[in-house]
């Protein structure tokens with residue numbers, strides 16, 4: 001068994017390094033975001049394990065138990081053959097009608113050698129199982145454990161992943177429980193069933209509000225998402241769209257939105273104080289949809305969040321969308337949801353799906369916030385790299401399966 005710990009600037013890079021060093025059969029044991037106090041930088045630490053003899057031992061077991069030898073005493077020689085050990089020519093033979101009583105030394109006994117090798121394999125598997133258990137992993141068969149580890153590696157909380165796998169384990173027939181494809185298919189179904197308990201806003205919701213404000217921390221991609229959504233409404237839904245920017249703290253943000261507005265011929269209002277919000281909305285009264293771009297605010301800056309509420313309280317028929325980046329770790333995502341909940345959040349929008357391998361965190365956030373998920377941004381291209389979601393689509397995104 002080989003264990004490797006990798007550190008990198010983000011989870012995606014770390015997992016790529018694990019895959020390069022240990023291969024696709026590696027099992028992710030632990031993923032943790034850490035910080036360097038002196039350099040004030042965050043990094044991700046991923047611990048993974050690889051059973052180097054996994055494929056070999058699996059082949060041995062399959063051949064040994066699916067095609068048993070006719071000779072009851074022949075299993076030892078078959079094991080030696082499968083392990084690649086040379087056949088012993090000096091194996092004692094029986095003569096006549098009576099068996100000779102012959103004692104073998106340890107070095108001469110093929111059965112002992114085979115038993116020793118299998119004991120080594122068993123000990124390695126037990127060590128790996130114990131290691132997983134000590135890291136908070138539940139007890140599953142090797143095939144189920146592999147999928148469970150993948151879910152945890154994708155950012156899903158261990159408790160949710162364990163609950164999901166136990167549900168699958170109860171429903172799968174014994175033969176399918178050893179087949180990874182069957183397990184993955186069952187996990188997708190179970191995940192879709194779990195997600196169907198939550199609401200989804202797929203862009204056709206009749207309760208959509210006329211004014212939509214995108215809020216969230218700095219750098220999550222609010223301005224880019226507004227460009228994508230306004231393009232969809234203008235081109236595909238044939239709606240008249242207006243834009244408002246309150247992000248006057250960053251000149252680049254206003255210029256980015258202004259450039260987009262000029263290209264698409266959309267009206268843009270820049271609001272510098274809460275008192276200017278109502279007049280700006282009135283000037284856009286002919287627009288069927290108005291998108292408001294807000295400044296990024298740290299979830300720990302309570303005074304800034306309160307200041308944001310002063311702008312938005314002047315907006316009638318308002319829909320507040322909390323934008324969250326999937327490159328953030330689960331603790332930060334949950335802290336953001338908790339802090340921003342001082343505002344009446346109606347929907348969630350996840351960004352940077354293409355930059356992470358931790359999409360499983362969406363399930364925990366959805367469980368915490370209990371708001372409909374509207375869209376998931378999957379890249380920088382406007383407007384195509386954003387998609388509405390339903391339980392099936394989200395299950396596929398979490399599992400990294402391309403949705404057909």
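The values are calculated or read from the model by the stated rules, or taken from the named source; none is laboratory data. Note that the structure is a prediction, hence the values are computed from the model and not measured. Virtual Cβ from ideal backbone geometry, glycine too; neighbours counted across all protein chains shown.
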Does segment 274-292 contain any residue that is within 26 Å of residue 348 (Cβ to Cβ) and under 31 Å from the mean Cα position of the chain (by Cα)? yes
Scanning segment 207-232 for residues that are surrounded by fewer than 23 Cβ atoms within 10 Å (Cβ to Cβ), closer than 16 Å to residue 321 by Cα and more than 27 Å from the chain's Cα centre (by Cα), the one modelled with the lowest pLDDT turns out to be 207
Note on segment 242-264: residues at pLDDT 90 or above and over 34 Å from the mean Cα position of the chain (by Cα) are 242
Reported set for segment 366-397 where residues are surrounded by fewer than 23 Cβ atoms within 10 Å (Cβ to Cβ) and assigned to a helix (DSSP H, G or I) is 366, 367, 368, 369, 391, 392, 393, 396, 397
A careful count of residues in segment 319-344 that are surrounded by fewer than 18 Cβ atoms within 10 Å (Cβ to Cβ) and in contact with a strand residue (DSSP E or B) (Cβ under 7 Å, 6 or more places away or on another chain) gives 1
Q) Does residue 342 meet the test of being assigned by TED's automatic domain parsing to the domain that holds residue 290 and under 30 Å from residue 235 (Cα atoms)? A) no
Flagged in segment 351-362 as in a helix (DSSP H, G or I) and out of contact with any helix residue (DSSP H, G or I) (no Cβ under 6 Å at 6 or more places or on another chain), in numbering order, are 353, 354, 355, 362
Does residue 180 count as touching a residue at least 24 places away in the same chain (Cβ under 8 Å), more than 25 Å from residue 331 (Cβ to Cβ), surrounded by fewer than 16 Cβ atoms within 10 Å (Cβ to Cβ) and assigned by TED's automatic domain parsing to the domain that holds residue 12?
yes
